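Right, one structure below, let's go through it.
Only the coordinates and a few stated rules stand behind these numbers; no lab work does. Just so you know, these numbers come straight off a predicted model, no measurement behind them. Using ideal geometry, Cβ is built from the backbone for each residue, glycine included, and neighbour counts are taken over all protein chains shown.
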Amino acid sequence: MPFKVPAAKASNKQNLFEFTIPGSKKVYSLPLMQYISADFSERLASLASRVKTAEQHEDKDAVPLAMAETTSLQREIIEHYCPGLYSRLSNDQIGALMDAWRQESSVGLGESSPSAKN
């Protein structure tokens, strides 16, 4: 009998970060960081490691590039889970959303693996 992969925990209500945006009554949600897809999780962890290494070595060329890639990935994640939302928010609103999402997830950018919390 084949192994049955269990359902993802990302859709469980307690594993979602819910939020609203100004001018809308709609409640949006993102899975907590530890429940995002494995692809997104690995890419975030890799970028976080690159940012940290660049900062530690004070590599003034690598830090902005890694930060730009992180911003691009954040956009991809938001658009994946909340299509069309990114274009409705300003940079400061995106920053506030990402900070709140990280805080609610209780994991640092480099700890976003699926096993970070369970």
Next on the checklist: What is the ratio of the Cα radius of gyration of the range 53-107 to 2.2 N^0.38 Å, with N the residue count, to two decimals?
Outcome noted: 1.29
Checklist outcome for this item: In terms of the charge dipole of the chain, which places +1 on Lys and Arg and -1 on Asp and Glu at the beta carbon, the residue among ALA66, SER106, TYR81 farthest towards the positive end is TYR81
Next on the checklist: For LEU16, what residues show an amide H to amide H distance below 5 Å, using hydrogens built from the backbone and excluding near sequence neighbours?
Outcome noted: LEU32
Checklist outcome for this item: Cα-based Debye curve of the range 41-84 sampled at q = 0.14, 0.31 Å⁻¹ gives log₁₀ I(q)/I(0) of -0.35, -1.02
Checklist entry - Zone of SER11 (label point 7 Å along Cα→Cβ, backbone N under 16 Å): which residues in the range 67-94? => result 81-82
Checklist outcome for this item: For LYS13, the aspartates and glutamates lying under 17 Å Cα to Cα, once residues fewer than eight places off in the same chain are dropped, come out as GLU104
Item to check | Descending principal axes extents, the chain, alpha-carbon based, whole Å | outcome: 49, 47, 21
Item to check | Linear extension gain, SER37 paired with ARG75, 0.36 nm per residue minus alpha-carbon span | outcome: 12.2 nm
Checklist entry - Where in the range 29-72 does the amide nitrogen come within less than 20 Å of the point 7 Å from the Cα of GLN93, taken along Cα to Cβ? => result 29-31, 71-72
